[in-house]
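Have a look at the structure below, then the notes.
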Amino acid sequence: MSSIRPWRDIARRQSRQIMVGRVPVGGDAPITVQTMTNTLTSDAKATIDQIRRCEDAGADLIRVSCPDVESTTALRQIVRASRVPLIADIHFHYKRALEAADAGAACLRINPGNIGSSERVAEVVRAAKANGCAIRIGVNAGSLEKDLLEKYGEPCPEALVESALDHIKLLQDHDFHEYKVAVKASDVFLAVAAYMQLADAVDCPLHLGITEAGGLIGGTVKSAIGIGNMLWAGIGDTIRVSLSAEPEEEVRVGFEILKSLGLRTRGVRVVSCPSCARQGFDVIRTVEALESRLSHIKTPLSLSVLGCVVNGPGEARETDIGITGGGNGKHMVYLSGLTSHHVESAAMLDHVVELVEKKAAEIEAAMNDAGQVTEAAE
């Protein structure tokens, strides 16, 4: 059956599905959003506090670095406290992988080729199987193997893909297939080209990311271009936006990328104008305040905030709740696309928050009555 709006359709690449703890990745499962803590993992309290903020922001999966035995020791307590599956980030030291698997990590982020001998890889695989761990192979343009750099002369898509295939073979040789793969680069062109090649070469889930993307603004732009490009092409099963910012910001940006492509919905989707001299109220400050005050809403719904009547009514027709700036400090409120009533400037902010909270409760009640489970409650 053809879509009503075929120009919005995304034909998603069909990968096989794996489980990361209780979260399915790949296949027809929702594209998951993950982030990584930046606290010392050995400091369990600080790490758990940060995990809680990421959970509240909507993270499906959270990665923690395990560089030493103190970290893997603390991991057991951290896993018990976490509401989402945790991924242990391991580099070089295969014993850390064994300890992390035993501590309850749902996934091990490793490069099998960096673990050491075939027997060490076999030990890690045995530990993963025994504990129900998945494995994420993480190829990075900044740490390609020396022989591949000599072969290709520089990091290039072919080098990243060859590295990934080499690591995959090491796992397959030990009859391990619960893995996902990333081929990240800080160069958007390189990353996208590598993922495109890899998507044609393997059937496993792909973890998307533009590594070392930068700060909150620059990194968001780079990630949106790179990750968004691949998602639009139907590639990707789980994403991490890598920012020099707090990890909960990575989660928020990740969801905004998915929401903009219609791939996932969570919380309030705000449609707002950049503002101009026609505005009937301070749009920029109003949107800032609304985004902050509505961050607790997890129910998917839409809100349009426009400063004047040029585009305001048209946008309001497409959103659950809308407000359009008017003259003399009186603004029109739209409910379900229809004009409803006016609100004065002084009462506008509180009134919109109240309307959104009421609408969210109505949506939740309707879904519960229908026996559905919202994404926020999954």
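The values are calculated or read from the model by the stated rules, or taken from the named source; none is laboratory data. None of these values were measured; they are calculated from a predicted model. No Cβ is skipped: glycine too gets one built from the backbone with ideal geometry, and neighbour counts run over all protein chains shown. Heavy atoms of the whole protein, side chains included, go into the accessibility calculation; ligands, DNA and RNA do not. Shrake-Rupley method; radii C 1.70, N 1.55, O 1.52, S 1.80 Å.
Some points to look at:
- Every helix of 4 or more DSSP H residues in the chain counts as -39500 (n - 2.57), and over all residues that averages to -13500 deg cm²/dmol at 222 nm.
- Relative to the longest principal axis of the Cα atoms of the chain, helix 283-293 runs at roughly 60 degrees.
- Which label in (i) 42, 22, 19; (ii) 31, 28, 18; (iii) 49, 38, 16 gives the computed semi-axes √(5λ) of the Cα gyration tensor in Å: (i)
- Ordering of 187-197, 36-46 by burial proxy (mean other Cβ atoms within 10 Å per residue, highest first): 187-197, 36-46
- Rotationally averaged projected area of region 74-181 (alpha carbon convex hull; nm²): 6.8 nm²
- Reachable lysines from residue 169, criterion Cα separation under 27 angstrom, eight or more residues apart if same chain: 95, 129, 146, 151, 180, 184
- Mean Cβ neighbour count within 10 Å, used as a protection proxy, ranking 20-30, 86-96 highest first: 86-96, 20-30
- Long-range amide H partners of residue 208 with built H, under 5 Å: 237, 238, 239, 240
- Extension gain from residue 120 to residue 69, taking 0.36 nm per residue of separation minus the Cα-Cα distance: 16.6 nm
- Region 1-116 - percent of accessible surface contributed by carbon and sulfur, probe 1.4 Å: 52 percent
- Hits among lysines - C-alpha to C-alpha of residue 358 under 28 Å, sequence gap 8 or more where chains match: 259, 298, 330
- Part-to-part distance (alpha-carbon centres) for region 82-111 and region 173-235, which is given in Å: 21 Å
- Share of carbon and sulfur in the accessible heavy-atom surface of region 262-335 [1.4 Å probe, %]: 48 percent
- Modelled spin-label separation between residue 221 and residue 149, with each label point placed 7 Å from Cα along the Cα-to-Cβ direction: 3.0 nm.
- Label positions at residue 3 and residue 368, each projected 7 Å from the Cα along the C-beta direction, are separated by 3.3 nm.
- Sequence-distant contacts, meaning Cα pairs under 8 Å at least 6 residues apart, place the relative contact order of region 279-378 at 23 percent.
- Principal-axis tilt of helix 157-172 within the chain, Cα atoms, nearest 10 degrees: 60 degrees
- Tilt relative to the chain, helix 345-369 - C-alpha long axis, 0 to 90 degrees, to 10: 60 degrees
- Ranked packing of 321-328, 284-291, most packed first, by mean Cβ within 10 Å: 321-328, 284-291
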